C-alpha cells in the first residue's frame with residue numbers, strides 16, 4: 001500500500017480538496033484498503049482499533065457517493081458514546097467542508113426538540129448513539145427508509161454497553177438495500193452473528209494489524225500544554241535538552257513550513273521536509289542532517305519514511321500523528337544501534353485521550369513531564385557553559401588570550417569579566433527572551449472541561465505511582481456514568497475524602513482505578529464499600545496490584 005495517494009482512490013474532487021486542507025499527504029493502511037471497496041458498493045467488515053483513521057476511511061467514500069435528493073437521511077453512523085459521536089461528527093464536518101452535505105449529531109443529554117427540528121428541515125448524515133437514534137425512530141421523526149449507508153463504529157464497545165437489542169432494532173428498520181459498514185477492534189461471536197444477519201453475503205472483511213511494539217531503548221514522555229503555547233514549549237524543551245540531533249514531526253505540510261520558519265527566526269539550525277518539496281531538495285536536506293550540518297529536521301510522516309540516521313537523540317511529536325502506527329514509526333527514528341533515545345509529545349488537554357489510545361495500542365508507558373521553566377533553562381545552559389569552560393581549561397588552548405584578559409584586570413574584577421563572557425554565551429544560545437517563568441496549562445480557558453474530555457484526572461504531580469499513594473480498583477466505569485467529577489463527589493460524600501488526597505483517576509468501560517493517599521484508604525473502604533453509585537450498582541473496592549489492570 002506504500003506510495004498510494006488519496007487522489008488514486010477514486011474520491012470526488014470536493015472530498016479530495018477537504019483532505020488536502022486537512023493536510024494529510026497519503027492514506028493510512030485502513031483508509032487505503034477500505035475506501036476503494038466502499039466506492040465499489042460492497043459492504044465492509046473492518047477490524048481496526050481507535051486511532052487508525054477509521055472515520056476518514058468510511059467518511060470520505062460516503063461523502064463522495066451520497067445523494068442529496070429529498071429530505072430523508074441518507075447515512076446513519078452509530079457510535080457507542082456521546083463523546084465518540086461528537087468526535088466522528090466533527091471529523092465528518094471537516095471532510096464535508098467543500099460539499100453541501102448536512103450533518104447532525106444526536107445523543108442523550110441534549111434537548112431532543114432541537115434535534116427534531118433539524119431533522120424535519122432535512123439532514124443528509126446523522127451521527128448518533130443507539131438509544132437516542134432509536135428514540136427518534138419510535139417517535140416517527142427519523143425515517144431510515146431511504147438511507148444509503150449505515151455505519152456501526154466500534155461495534156464491540158456498543159455490544160459491551162448492552163446496545164445489541166437497540167442496534168438490531170435500528171438495522172431491521174433501515175432500508176434493506178443500504179450499504180452497511182461495520183468497524184470493530186475485536187470480533188466476538190455476537191458481532192459475527194450481527195454481520196451475518198444484517199450484511200450482504202459478499203461483504204468484504206478487512207483487517208488492519210497494527211504494529212504494537214515500540215523500541216525499548218526509547219524513553220517516552222509527554223508535555224501537557226495550551227494550544228497557544230505549543231511553539232514556545234518546543235523551544236523551551238530544545239533549550240533545556242540541547243539535542244545533538246532531533247526530528248520534529250508535524251501532521252501537515254503547512255505545519256512543517258510554519259515551524260521551520262519560526263525556528264529559523266529564533267536562530268535554530270533547521271530545515272523541513274514534506275511531500276511538496278522536490279526530491280533533490282529532500283535528498284540535500286537529509287544529507288546535511290546526516291552529516292551534522294543541521295541540528296533539527298522538521299518533517300511529515302511521509303517525508304520521514306526511510307530516514308535512517310543513527311545519531312538522532314530526540315524525536316518530538318509537535319502534533320499527534322494521524323494514527324497510532326505512525327507514532328511507532330516516528331519514535332523508531334531514535335534509539336538506533338542500542339543507543340538511548342528520547343521521544344516527546346506535545347498534547348493539549350483535549351488531545352489527552354488520543355495520547356492514551358496510542359499508549360494502549362503501543363503497549364508502552366508515556367510519562368508526563370513538566371514544561372521547562374525559565375530557571376530550568378538558565379540552569380541547564382549554565383551547567384553546559386561551565387562544562388565547556390572546564391574542558392577548555394583542561395586543554396590549555398586558552399593561554400594565548402591570558403595577556404589580553406590581564407589588561408581587563410586593571411579595570412574590572414576578573415569574576416565580573418567571566419560573568420560577562422558567560423552572559424554573552426548564554427544570550428547567544430537561548431532562543432528567546434522568555435517572559436513567563438512557567439507555562440501553566442491550568443490557566444487554559446478549556447481547563448474546566450479537561451476531566452470530561454480526557455476521562456481521567458491528574459493532580460499535575462508528573463505521575464504519582466508509588467510514594468504515599470495506594471492504587472484502588474472500583475467495579476464501576478463509564479457504563480455506570482462514572483466520570484472524574486462524579487467519582488470525586490462520591491468519595492467526598494461517603495468517605496469525607498478531599499480532592500487533594502486523590503491522584504490519578506483512570507476510568508475504563510466497566511471499572512476504574514484511583515490513586516489515593518495511604519491515610520485515606522481505610523476511610524474509602526469503610527465509607528464507600530457497598531454504597532450505590534448514583535443509585536445504580538453497588539460499589540466494590542479492592543487494593544490493586546502495582547501494575548495497572550487492562
Shape call, the chain: gyration tensor on alpha carbons, a/c limit 1.5:
oblate
How far is helix 54-65 tilted, in degrees, relative to the longest principal axis of the Cα atoms in the chain, given as a value from 0 to 90 rounded to the nearest 10?
60
Segment residue 141-residue 20, extension gain: residue separation times 0.36 nm, minus the distance between their alpha carbons:
39.9 nm
Given a Förster radius of 41 Å and the C-beta distance between residue 391 and residue 262 as r, what FRET efficiency does 1/(1 + (r/R0)^6) yield to the nearest 0.05?
0.80
Based on the alpha-carbon gyration tensor of region 218-372, what equivalent-ellipsoid semi-axes (square roots of 5 times the eigenvalues) come out, in whole Å, largest first?
22, 17, 15
Relative to the longest principal Cα axis of the chain, at what angle does helix 230-241 sit, 0 to 90 degrees, rounded to 10?
40
Theoretical gain in end-to-end length, residue 368 to residue 5 [0.36 nm per residue, Cα-Cα removed]:
127.1 nm
What residues from region 11-52 fall in the zone where the backbone N is under 19 Å from a label point 7 Å along the Cα-to-C-beta line of residue 69?
41
Any idea how far the Cα center of region 183-197 sits from the one of region 506-538, in Å?
33
Please provide three numbers in whole Å: the alpha-carbon extents of region 375-429 along the principal axes, with the largest listed first.
35, 26, 16
Rounded to the nearest 5, the percent of DSSP beta bridges in the chain running antiparallel is 25
Relative to the longest principal Cα axis of the chain, at what angle does helix 374-395 sit, 0 to 90 degrees, rounded to 10?
40
Gyration tensor verdict on region 285-393 (Cα atoms; rounded if a/c is under 1.5, prolate if a/b is larger than b/c, oblate otherwise):
oblate
Expected sort for 229-242, 528-541 on mean C-beta neighbours within 10 Å, highest first, is 229-242, 528-541
What is the gain in length, in nm to one decimal, between residue 509 and residue 205 on full extension, counting 0.36 nm per residue of separation less the C-alpha to C-alpha distance?
106.8 nm
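Rule-based calculations on the coordinates, nothing more; no lab input. For clarity, every value in this text was computed on a predicted model and none was experimentally measured. Note that each Cβ is placed from the backbone with ideal geometry, even for glycine, and that neighbours are counted across all protein chains shown.
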